[in-house]
1. Which ones in segment 79-94 are assigned to a loop (DSSP other than H, G, I, E, B), open to solvent by less than 10 Å² (accessible area, probe 1.4 Å) and either closer than 25 Å to residue 171 by Cβ or of a type in the set (Ser, Thr, Tyr) (or both)?
2. For segment 95-109, does any single residue satisfy the condition of being of a type in the set (Val, Ile, Thr), open to solvent by 40 Å² or more (accessible area, probe 1.4 Å) and in a strand (DSSP E or B)?
3. When segment 119-170 is examined, which residues are found to be under 26 Å from residue 61 (Cα atoms) and open to solvent by 50 Å² or more (accessible area, probe 1.4 Å)?
4. Read through the list (1) of a type outside the set (D, E, K, R); (2) within 23 Å of residue 145 (Cβ to Cβ); (3) in contact with a Pro (Cβ under 9 Å, 6 or more places away or on another chain); (4) open to solvent by 10 Å² or more (accessible area, probe 1.4 Å), then give the number of the only condition that residue 10 fails.
5. Mind listing just one residue for me: the one in segment 26-75 that is in a helix (DSSP H, G or I) and more than 14 Å from the chain's Cα centre (by Cα) and, of those, surrounded by the most Cβ atoms within 10 Å (Cβ to Cβ)?
Amino acid sequence: MTVAQTYPQLLSLADWRALGEDEDTRTELQEGVLFVLPGPAKSHARVISRLVTQISAQLPDGVEALAEVDLVVDSSTPATVRVPDVVICAEFAEELLESAQVEVVVEVLSPGTRRTDLVTKRSEYADAGIGHYWIIDRDLGVLTALELTDDGYVGTDHTGVFSTEKPYPLSVDIDALSL
């Protein structure tokens, strides 16, 4: 994919997929508009890695935690494809991950993505029906666990150890993420 290209129209999911994989850049598609994103900083990547390690050890057979995979949030044109920091999904999910296959999405806040993670993605993930959205604020050492209800996401902030029964029994030692 050549990211420097300009696109005179909003991209569909087929247009986005036709761009192919690009090992040099990280991109997301928001309502048909292609965005080039910086790669995560080392401290951000460390939190993601440690979180995946903690979660993976507790998941039931057939369920996995994956870092930084493309997630089709809305396949209608103009399409939206995000790259969450972590997703929890069934191992047998399609290669092109759709929101209906995801049970938990996790975003680790960064200065450049804070508003997008707190506002835009929160709205997109709720509209897509993703049942659980966790937001990790490294600066505060807080994990906000949101659960989708008929009225949108509701949730609570956690420090220390976060434990939940939904969608699976899981505990996350927030301090061990090296926030």
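1. Residues satisfying the conditions are 84, 85.
2. No, segment 95-109 contains no residue that is of a type in the set (Val, Ile, Thr), open to solvent by 40 Å² or more (accessible area, probe 1.4 Å) and in a strand (DSSP E or B).
3. Across segment 119-170, the qualifying residues are 147, 148, 161, 163, 165, 166, 169.
4. Residue 10 satisfies all of (1) of a type outside the set (D, E, K, R); (2) within 23 Å of residue 145 (Cβ to Cβ); (3) in contact with a Pro (Cβ under 9 Å, 6 or more places away or on another chain); (4) open to solvent by 10 Å² or more (accessible area, probe 1.4 Å) except (2).
5. Checked segment 26-75; the qualifying residue surrounded by the most Cβ atoms within 10 Å (Cβ to Cβ) is 55.
The values are calculated or read from the model by the stated rules, or taken from the named source; none is laboratory data. Please read all numbers here as calculations on a predicted model, not as lab measurements. Cβ: placed from backbone, ideal geometry, glycine included. Neighbour counts: every protein chain shown. The protein model used for the area step is the full one, side chains on, heavy atoms only, and it has no ligands, DNA or RNA in it. Shrake-Rupley method; radii C 1.70, N 1.55, O 1.52, S 1.80 Å.
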